[in-house]
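To keep things clear, I will list the structure first and then write my remarks on it.
No value in this document is a laboratory result; all are computed from the given coordinates. Here the structure is a predicted model, which is why all the values come from computation and not from measurement. So basically every Cβ, Gly included, is an ideal-geometry build from the backbone, and we count neighbours across all protein chains shown.
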Amino acid sequence: MKQVYLLGLLLVNLVFGVNANTMEDVFSAFKQEASADDLYTFLYSVPKGGDLHNHSTGSNLSEWWYDEILNQEKNGYIYYTKVKINNCKAYGSNEFGLSPYLLLFVNIQAFEYNKLNPCEKSEYLRIQDLNEVQKQAWLNSIRIDKESEGRDEFFQTHWARLNSLMANPYMQANLIVKNMQAFAAEGLRYLETDAGVKGFVHPDGSPFDSEEVYQLYVERFNQQDALSTGVTVRLQYAMVRFTEDAEETLEWIYNFVATHSDLYVGLDMVGREDNNKGHPLRFLNGLRALRHKHHGVHLSIHAGESDEPNQHIRNTLLLGATRIGHGINLIDDPDTLLLMRYNRYLIEVNLISNLLLEYVDNYAQHPFPEYLRLGIPVALSTDDRGMWDSNMTDEYYTAVTQFNLSWSELVEVGANSLKHSFLNDKQKQQLLDDYFQRVAAFERAFIDKKMAALTHVKPVHYSFACKQFNICN
């Protein structure tokens with residue numbers, strides 16, 4: 001990938017007359033002298049490629065959820081949230097497991113609320129009716145906002161609280177567009193996010209047809225507000241791999257992706273790796289059989305997001321994956337690490353996620369710079385950024401300040417996110433050409449004017465930047 005980056009940058013430099021070494025020197029000096037706010041503004045405005053590791057329902061900021069819930073009233077959707085516990089019987093479940101009865105701020109739809117007995121109803125309020133204290137607590141309930149929260153809070157309660165919010169396809173599509181708009185402001189041009197077509201219901205609880213949801217996505221992403229972002233969006237279909245019926249689910253998803261390739265570009269196996277029921281080799285025979293029937297279904301699989309050494313990354317490559325989500329413990333598997341150097345396999349790096357979910361105690365433990373500087377293709381991504389209350393610039397800022405990234409490394413990471421996307425070759429090349437042209441234009445402006453070239457830039461940042469970098473509104 002480094003060779004591709006250097007060739008691309010050489011071509012735009014010949015066209016635009018930019019000296020890459022000059023920008024390297026300018027950036028090196030700038031890093032040493034810039035204030036935190038200036039460095040953040042610089043990185044916010046830096047042209048970026050795409051986000052390849054993005055879970056759509058985990059990428060929505062709490063405030064976006066709240067606004068969209070109110071917006072959905074026009075479609076007949078009313079939502080209630082649990083604000084107290086009156087010792088009534090436990091309520092419901094979702095695909096991630098039973099929602100614990102003692103869990104506050106579990107969200108349900110009106111048709112579900114209407115089925116509750118009077119005692120249970122007394123535990124819920126319409127989200128529109130929350131007072132300011134309750135509203136703030138609700139907003140905080142679906143993001144990591146305390147030091148005491150971590151992996152278990154994220155996996156066991158955040159998704160259980162979202163609950164019925166994830167069953168509205170209009171809200172799902174609108175919030176993907178909201179992410180496109182926010183990413184566009186940061187300089188991204190591609191978003192590859194997880195979104196399915198099953199499990200959605202109408203306000204009365206009746207199910208949507210899968211094809212109806214697919215067409216809803218297509219139409220929504222072709223509306224003017226989505227197109228005007230300049231962000232190309234494609235979907236992966238996520239599969240929770242430790243469920244009892246995972247093999248049947250895999251077959252259905254694989255067939256669906258293969259036959260809806262205008263929008264869907266791949267399959268993403270997700271789920272905690274410390275649940276051994278989802279180990280990679282469970283799916284080896286199934287994937288081999290599916291490849292007998294279909295072509296063009298790319299695989300991006302979570303692997304190496306683990307505290308302990310194992311060979312999950314090696315086994316994931318054996319499944320046919322060309323992108324590895326997280327890949328933290330690759331550092332403890334030297335044979336596979338050597339295989340991945342200067343190869344076609346990309347690691348989707350999620351620095352903030354890995355810290356907040358306690359897969360590293362601090363960034364000094366993170367293997368990202370080792371992979372990058374050994375020649376293993378890597379790209380920065382945001383994972384479940386809504387739950388971190390962060391953005392892509394926070395990933396860039398963390399990488400630059402923690403690992404002293406050079407200018408060429410910064411640009412290379414952005415290029416990797418396009419080079420290793422699941423788009424076809426023509427679309428990739430168009431985005432890469434655009435990327436290198438934007439990089440060259442940025443270099444010219446910054447070399448000439450320094451921060452004066454960025455006076456028009458007003459970075460949008462959230463609580464993560466305030467808490468971690470002391471960059472606050």
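Table for the structure above
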| item | result |
| --- | --- |
| Calculated from backbone phi, Karplus (6.51, -1.76, 1.60) coupling profile of segment 431-437 in Hz, x at Gly/Pro | 5, 5, 4, 4, 4, 5, 5 |
| Principal axis dimensions, segment 111-208 - Cα atoms, whole angstrom, descending | 50, 39, 27 |
| Segment Ile85-Leu70, extension gain: residue separation times 0.36 nm, minus the distance between their alpha carbons | 2.9 nm |
| Using alpha-carbon coordinates, inclination of helix 132-141 to the longest axis of the chain, degrees | 60 |
| Equivalent ellipsoid semi-axes - Cα gyration tensor, the chain, angstrom | 36, 26, 22 |
| Rounded to 10°, Cα long-axis angle of helix 36-45 versus longest principal axis of the chain | 90 |
| Cleavage-rule hits (GluC sites (Glu not before Pro)) in segment 325-421: DSSP loop, at most 13 neighbouring Cβ within 10 angstrom | Glu358 |
| Projected label distance in nm at Ala441 and Glu120, using a 7 Å step from Cα toward the beta-carbon | 5.6 |
| Fully extended contour minus Cα-Cα distance, from Arg344 to His279, at 0.36 nm per residue | 21.1 nm |
| Only Lys, Arg (+1) and Asp, Glu (-1) charged, at Cβ; segment 311-426 dipole about Cα centre in debye | 520 |
| Residue order, fewest to most beta carbons within 10 Å, for Cys119, Cys88 | Cys119, Cys88 |
| Computed lengthening from Asp425 to Glu219, 0.36 nm per intervening residue step minus Cα-Cα distance | 71.7 nm |
| Partners for Lys135 among aspartates and glutamates (Cα-Cα distance below 19 Å; same-chain residues under 8 apart left out) | Glu63, Asp67, Glu68, Glu73, Glu123, Asp145, Asp389 |
| Packing-based exposure ordering (other Cβ within 10 Å, fewest first) of Ser28, Ser381 | Ser28, Ser381 |
| Virtual spin-label span in nm between Val460 and Asp332, 7 Å along Cα→Cβ | 3.9 |
| Of Lys426/Lys449; Lys428/Lys467; Lys293/Lys428; Lys82/Lys146; Lys74/Lys428, those spanning more than 32 Å from alpha-carbon to alpha-carbon | Lys426/Lys449; Lys428/Lys467; Lys74/Lys428 |
| Reciprocal of mean inverse Cα separation for segment 78-162 (Kirkwood radius, Å) | 13.3 |
